[in-house]
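Visitor: To start, I am sharing the structure in question, which I have written as structure tokens.
The values are calculated or read from the model by the stated rules, or taken from the named source; none is laboratory data. This one's a predicted model, so the numbers in the text were calculated from it and none came from an experiment. Cβ placement follows ideal geometry from the backbone for every residue including glycine, while neighbour counts extend to all protein chains displayed.
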Amino acid sequence: MIGGCWALITTCELHRHNFAFAKTVGVGQSNAMTYELAIGDKTYSSWSLRGWLLFAAFDIPVSVKSARMYSNEFKTLTGEFAPSKLVPAARFDGAVVWDSLAMAEELASRHPDATMWPTDPTLRAMARSITAEMHSGFGALRTDCTMNLIRHYPTFKPSDAVLADCARIELLWNTARAAHNNDGPWLFGEYSIADVFYAPIATRFATYGLPRSDASEAYIQTHLAEPNFRRWRSMGIAQNYIQPGYDKDLPEDDWIGPTPLPAIAVDGTDCENDTCPYSGGVPTHVLEIDGRRIGFCKEFCRDKTVADPEAWDGFMKIYQI
Ligand SMILES: N[C@@H](CCC(=O)N[C@@H](CS)C(=O)NCC(=O)O)C(=O)O
């Protein structure tokens, strides 16, 4: 797993260009392959989340470019990955790979040591099937319940078609769990590509309060507490952007994932640390937590940490001193 070593999109970059570049350096693998990944809004783009998790959750280094969906910058970004016109899109050693499932299969072939699919042939066949069914299915759920990682609508009333999708997902999740005798919290025990593809499905159950069994609730909570997902969600919160058309006019409740430590953004540059926990640069933006002031070299780095302090190892090293 990646250990909090992302250099991230800055809010000023987002405001100025509505377009941003970010790089990550994986910590567990050394190889000569170079990967670039194009993604959209962290809060709303479910396929982008899948594309990103394929790298982050399996510790595969990648250089990430992002742009707001439906903007001119988005067209420019996807244009760099022609013939792809959607995100995620990627370049693997110069070759454009578009579509999340193609990226998953290509990465699994290139990185056998990352065990992205279950090693057991029976489980692997089932994992491929369950992943493919997600990739091509659940149209009602995807249309009516778009991914929205900053909302929880407890009174949302699902249509019959959405309920049918939920029942099918429940069956698939139960079938996967039964196949490995519940040996681990993920669909096939260990985290696999199947979990990548169902991560945004899990968040839809959370956002729209969709019906589920206790076992599925535990699986959803496992996703919401997963460190890479928490980092992704907190970066989306720090982007501080509402994509038109994604919110519903319904009462809201708190997010059902882990409750963040109570940090707030504050004015001034006084802080207890001399260097930013992520870049080593001079702190210019400060948060307050438990009466302590901790500084960061960029507004975005401060804000993503405020959104979910525990998601960020570099911050927690300072906080826990
Ligand atoms: N089947 C594709 C789906 C890609 C897709 O629909 N991406 C959406 C983002 S969630 C997109 O790029 N939308 C932009 C648009 O429609 O203009 C995959 O698996 O990657």
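Visitor: Considering (1) closer than 28 Å to residue 102 by Cβ; (2) assigned to a loop (DSSP other than H, G, I, E, B), say which one residue 197 fails and leave the rest.
Guide: It is condition (2) that residue 197 fails.
Visitor: What is the number of the single condition among (1) within 22 Å of the chain's Cα centre (by Cα); (2) farther than 16 Å from residue 199 by Cα that residue 265 does not meet?
Guide: The one condition residue 265 does not meet is (1).
Visitor: Tell me, which residue of segment 55-83 that is small (Gly, Ala, Ser) and away from the ligand (no atom under 11 Å from the Cβ) is nearest to residue 197 (Cα to Cα)?
Guide: In this case the residue turns out to be 57.
Visitor: Within segment 44-54, which residues are within 11 Å of the ligand (Cβ to nearest atom) and either out of contact with any strand residue (DSSP E or B) (no Cβ under 9 Å at 6 or more places or on another chain) or assigned to a loop (DSSP other than H, G, I, E, B) (or both)?
Guide: Within segment 44-54, 44, 45, 46, 50 meet the criteria.
Visitor: Here's another thing I want to ask about it. I'd like the full set of residues that are in contact with a Lys or Arg (Cβ under 7 Å, 6 or more places away or on another chain) and either part of a helix (DSSP H, G or I) or touching a residue at least 40 places away in the same chain (Cβ under 8 Å) (or both), limited to segment 289-309.
Guide: 308 - this is the single residue of segment 289-309 that is in contact with a Lys or Arg (Cβ under 7 Å, 6 or more places away or on another chain) and either part of a helix (DSSP H, G or I) or touching a residue at least 40 places away in the same chain (Cβ under 8 Å) (or both).
Visitor: Suppose the filter is among the β-branched types (Val, Ile, Thr), crowded, with 18+ Cβ neighbours inside 10 Å, out of contact with any Leu (no Cβ under 7 Å at 6 or more places or on another chain) and not in a helix (DSSP H, G or I); does residue 150 pass it?
Guide: Here the answer is yes, as residue 150 does meet what is asked.
Conditions (1) assigned to a helix (DSSP H, G or I); (2) crowded, with 20+ Cβ neighbours inside 10 Å, marked per residue:
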position: 96; (1), (2): no, no
position: 102; (1), (2): yes, no
position: 118; (1), (2): no, yes
position: 129; (1), (2): yes, no
position: 141; (1), (2): yes, yes
position: 158; (1), (2): no, no
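Visitor: Sort out which residues of segment 103-129 are within 16 Å of the ligand (Cβ to nearest atom) and in contact with a strand residue (DSSP E or B) (Cβ under 9 Å, 6 or more places away or on another chain), and write them in order of number.
Guide: 103, 106, 107
Visitor: Tally time: how many residues in segment 200-242 are touching a residue at least 60 places away in the same chain (Cβ under 8 Å), assigned to a loop (DSSP other than H, G, I, E, B) and basic (Lys, Arg)?
Guide: Looking only at that region, the number is 0.
Visitor: Let me ask you something else. Looking only at segment 84-94, which residues are closer than 20 Å to residue 199 by Cα, in contact (Cβ under 8 Å) with a residue 40 or more places away in the chain and assigned to a loop (DSSP other than H, G, I, E, B)?
Guide: Within segment 84-94, 87, 88 meet the criteria.
Visitor: Shifting gears a bit: Would you pick out the residues in segment 171-191 that are modelled with pLDDT of 95 or more and surrounded by fewer than 18 Cβ atoms within 10 Å (Cβ to Cβ)?
Guide: Residues satisfying the conditions are 171, 174, 175, 185, 190.
Visitor: Given the criteria over 30 Å from residue 188 (Cα atoms), within 23 Å of the chain's Cα centre (by Cα) and not in a strand (DSSP E or B), does residue 283 qualify?
Guide: Criteria not met by residue 283.
Visitor: So which residues in segment 84-102 are away from the ligand (no atom under 13 Å from the Cβ) and not small (Gly, Ala, Ser)?
Guide: The answer is 91, 92, 93.
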